[in-house]
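In what follows, a single structure is set out as structure tokens and then discussed.
The values are calculated or read from the model by the stated rules, or taken from the named source; none is laboratory data. If you're wondering where the values come from, they're calculated on a predicted model, not measured in any experiment. All Cβ positions, even for glycine, are placed from backbone atoms using ideal geometry, and neighbour counts span all protein chains on display.
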Amino acid sequence: MLDNHKEFIIDCLNRKMTFTAILNEIQKAGTSIKSTAFKQYGNKLKAEYGINNKTNTAGKELNPEAIKARYIKRKDVLRYLWTGKKLSEEDVAAVGKEYEVINYLERLIFDFKSVFQEKSKAMLAGFIEIYENSAYSKIRSFINGLSADIDAVANAVELPYSNGFIEGNNNRLKMIKRMMFGRAKLPLLEIRILHGEQIFLGKHTHL
């Protein structure tokens with residue numbers, strides 16, 4: 001049945017008309033055909049005659065190869081930079097070729113992690129010296145932050161101590177405050193903190 005409209009369909013496809021628009025025209029001529037069957041027939045004609053009727057909103061023809069492009073997620077790039085996982089060698093090369101800053105960040109992160117692995121204040125000073133004049137303002141800001149708190153950063157590099165336990169308790173108390181905001185006063189907050197859940201050496205015990 002659609003073969004009777006074959007030349008018309010090919011002409012419409014070459015004029016970048018959508019399947020829906022072409023089907024509407026055929027149905028106006030009195031031919032009843034389902035949308036799914038028509039799309040199958042239209043795709044067959046496109047493949048047979050090498051027709052590309054894909055266009056963007058400006059009517060510009062789209063490149064079929066570009067439509068099939070593979071997208072690399074930002075979070076996967078960040079995960080790779082910090083852990084070295086999730087991206088193939090081909091993806092790493094493609095991203096590095098397109099964005100030179102990725103290669104720069106990879107070197108910076110490797111150098112920064114090396115400072116803590118070696119626990120060396122000398123390496124910390126060298127790291128700051130290398131990157132303090134970076135071409136990237138965000139990195140210069142990061143280095144300025146390290147320099148401003150150099151004593152604390154140097155202690156973090158050299159000493160085995162951590163304030164993680166204190167920060168964990170602070171986060172817990174703030175969470176309880178947010179949960180109770182506008183619903184209770186200090187006495188109940190005190191009870192929740194002291195008797196609701198006690199934390200000993202990182203382990204949670206419900207009372």
Output the residues belonging to the stretch 134-151 that are within 15 Å of residue 107 (Cβ to Cβ) and exposed (fewer than 11 other Cβ atoms within 10 Å of the Cβ). 135
Selection within the stretch 84-105 - assigned to a helix (DSSP H, G or I) and more than 22 Å from residue 136 (Cα to Cα): 89, 90, 91
How about the stretch 165-191: which of its residues are touching a helix residue (DSSP H, G or I) at 6+ places or on another chain (Cβ under 9 Å) and assigned to a helix (DSSP H, G or I)? 172, 173, 176, 177, 179, 180, 188, 189
Restricted to the stretch 158-175 and to residues being closer than 14 Å to residue 193 by Cα and in contact (Cβ under 8 Å) with a residue 24 or more places away in the chain, the residue surrounded by the most Cβ atoms within 10 Å (Cβ to Cβ) is 172
Hey, does the stretch 130-141 have a residue that's under 26 Å from residue 100 (Cβ atoms), modelled with pLDDT of 90 or more and over 30 Å from the mean Cα position of the chain (by Cα)? no
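Going through 38, 8 one at a time, which residue ends up being farther than 30 Å from residue 114 by Cβ, loosely packed, with under 15 Cβ neighbours inside 10 Å, at pLDDT 85 or above and out of contact with any Pro (no Cβ under 7 Å at 6 or more places or on another chain)?
None of the other options fit; the residue is 8.
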Selection from the stretch 13-50 of residues more than 13 Å from residue 2 (Cβ to Cβ), among the hydrophobic types (A, V, I, L, M, F, W, C) and not in a helix (DSSP H, G or I) yields 17
Specify the residue that is nearest to residue 50 (Cα to Cα); the eligible residues are those in the stretch 1-21 that are among the β-branched types (Val, Ile, Thr) and within 39 Å of the chain's Cα centre (by Cα). 18
Looking only at residues that are among the small types (Gly, Ala, Ser) and surrounded by 14 or more Cβ atoms within 10 Å (Cβ to Cβ) in the stretch 66-112, which one is farthest from residue 123 (Cα to Cα)? 94
In a loop (DSSP other than H, G, I, E, B) and within 31 Å of the chain's Cα centre (by Cα): is that true of residue 162 in this structure? yes
